[in-house]
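Chemist: Before I ask anything, here is the structure I am working with.
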Amino acid sequence: RARACRDLVRAVLPALADDRLDALVERAEGNPFFLEELVRVEAGGAVSEGAAPRTVLAAVQARLDHLGDDAKRVLRAASVFGESFSRAGVEALLDERLRPDVQGWLDLLCERELVLPRERKRTTSASPRADDEPSSRWVFRHALVRDAAYDTLTEGDRRVGHRLAGELLERMGERDGAVLAGHFERAGEHVRAARQLGVAAEQALEAVDYEGAFEHCRRAEALGASGEELGLLRLIECKARNWRREWQLAQRAAEEATRLVAGDARAEALDNLAIALGHQQLFDEFRSAFTRLEALEGEVDERAWARSILRVVGYFLH
């Protein structure tokens, strides 16, 4: 491997002194991306002799320092969105002076092999969004490039950037609750993050990702979810516990949900409570839960109530 690394460096920098070449190969420790970045730094004369960056992030940041302030601002804005981003997203995070030139800066960053255009799947929508154009979707060439750019943001810039990113994605119709929650949580918008984690938990449940649903519920509670919002999280948890046949845990979650939610959600919580109790052969408690469910007739949506009654009856017949 060391010989291959030496050959790579020599091919790019044929006039490099042997001791300098050996230092680059040793510093890279067999990491091809790090070696490539060190070679770029060396070729660009970004550091003085003996002062080569000692980490991958430092190597990338040394190269970013030679881009100029505006190009770095564009790259930092892109890094807020993660490893992939849209031109519209970058524009939303920048001041008005830079917005008209974002495409040009992205093209430059592409020439410098820091970002790459990402091909989008064809849309069946009759009226595709503006950011569906091929040139509007981008990815970082490597996760470490994104990390290096993100690392240069101040804490205040990160909070503002993630808030703007979350709000933009909401307006653009982003449906992934976990993505939105991540932005709002990093922005310090805990109420909004908890609400989106509830969406993410429901999506995980529908995808039969029970551990994911539990984790989203835990995070939402840690961010301060309370009242009916907490009750809906407990409802998601009890449904997942029932599917996993964890009857006692399902019972506990369902009992808390019935105290916190109302309307159709309460009917659903009661039917899940009855199911958990029935499987434990706690028939007195089962009858109590079923009676409370029956009493909701006329107070909740008729179809929702009927579905809950039929679910309980079906389970009980088993």
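Chemist: Tell me the residue from PRO134, PRO128 that is out of contact with any Asp or Glu (no Cβ under 9 Å at 6 or more places or on another chain), open to solvent by 70 Å² or more (accessible area, probe 1.4 Å), modelled with pLDDT under 90 and over 25 Å from GLN61 (Cα atoms), please.
Modeler: PRO128
Chemist: Step by step: first the residues of the stretch 228-261, then only those that are closer than 9 Å to ALA276 by Cβ and open to solvent by less than 10 Å² (accessible area, probe 1.4 Å), then the one that is nearest to the chain's Cα centre (by Cα). Which residue is that?
Modeler: My answer is CYS238.
Chemist: Listed residues ARG287, ARG259, ARG241; which is over 22 Å from TYR210 (Cα atoms) and at pLDDT 95 or above?
Modeler: Within the list ARG287, ARG259, ARG241, the selection yields ARG259.
Chemist: List the helices (runs of 4 or more DSSP H) that sit entirely inside the stretch 183-266 and contain at least 2 residues that are among the polar types (S, T, N, Q).
Modeler: Where helices (runs of 4 or more DSSP H) fall fully within the stretch 183-266 and carry at least 2 residues being among the polar types (S, T, N, Q), they are 190-206, 247-260.
Chemist: Among the residues in the stretch 144-162, are any open to solvent by 70 Å² or more (accessible area, probe 1.4 Å), assigned to a helix (DSSP H, G or I), at pLDDT 90 or above and touching a Gly at 6+ places or on another chain (Cβ under 9 Å)?
Modeler: There is at least one residue in the stretch 144-162 that is open to solvent by 70 Å² or more (accessible area, probe 1.4 Å), assigned to a helix (DSSP H, G or I), at pLDDT 90 or above and touching a Gly at 6+ places or on another chain (Cβ under 9 Å).
Chemist: Same structure again: Of the residues ALA187, ALA225, only one is out of contact with any strand residue (DSSP E or B) (no Cβ under 8 Å at 6 or more places or on another chain), within 28 Å of LEU270 (Cα to Cα) and open to solvent by less than 20 Å² (accessible area, probe 1.4 Å); which?
Modeler: ALA225
Chemist: Something else: When ALA267 is evaluated against the numbered criteria (1) open to solvent by less than 10 Å² (accessible area, probe 1.4 Å); (2) in contact with a His (Cβ under 6 Å, 6 or more places away or on another chain), which criterion, by number, is the only one it fails?
Modeler: (2)
Chemist: I'd like the residue in the stretch 78-101 that is assigned to a helix (DSSP H, G or I) and open to solvent by 10 Å² or more (accessible area, probe 1.4 Å) and, out of all such residues, is nearest to MET172 (Cα to Cα).
Modeler: Top of the filtered list is ALA88.
Chemist: Of GLU83, GLU37, which residue is among the charged types (D, E, K, R), modelled with pLDDT of 70 or more and under 30 Å from VAL160 (Cβ atoms)?
Modeler: GLU83
Chemist: Report every pair of residues separated by at least 6 positions or lying on different chains whose Cβ atoms are under 6 Å apart, first residue within the stretch 219-246 and among the hydrophobic types (A, V, I, L, M, F, W, C), second in a loop (DSSP other than H, G, I, E, B) and open to solvent by 20 Å² or more (accessible area, probe 1.4 Å).
Modeler: none
Chemist: If you check GLU170, GLU211, which single one turns out to be closer than 22 Å to ARG245 by Cα and surrounded by fewer than 17 Cβ atoms within 10 Å (Cβ to Cβ)?
Modeler: GLU211 is the lone residue from the list that is closer than 22 Å to ARG245 by Cα and surrounded by fewer than 17 Cβ atoms within 10 Å (Cβ to Cβ).
Rundown of residues vs (1) under 21 Å from LEU205 (Cβ atoms); (2) open to solvent by 40 Å² or more (accessible area, probe 1.4 Å); (3) without any contact (Cβ under 8 Å) to a residue 12 or more places away in the chain, yes/no style:
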site: GLY263; (1), (2), (3): yes, no, no
site: PHE286; (1), (2), (3): no, no, no
site: GLU294; (1), (2), (3): no, yes, no
site: GLU302; (1), (2), (3): no, yes, yes
site: TYR315; (1), (2), (3): yes, yes, no
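The values are calculated or read from the model by the stated rules, or taken from the named source; none is laboratory data. If you're wondering where the values come from, they're calculated on a predicted model, not measured in any experiment. For neighbour counting, all protein chains shown are included, and Cβ atoms are generated from backbone atoms with ideal geometry for every residue, glycine included. Heads up: the accessible areas ignore ligands, DNA and RNA and are worked out on the full protein's heavy atoms, side chains in. Shrake-Rupley method; radii C 1.70, N 1.55, O 1.52, S 1.80 Å.
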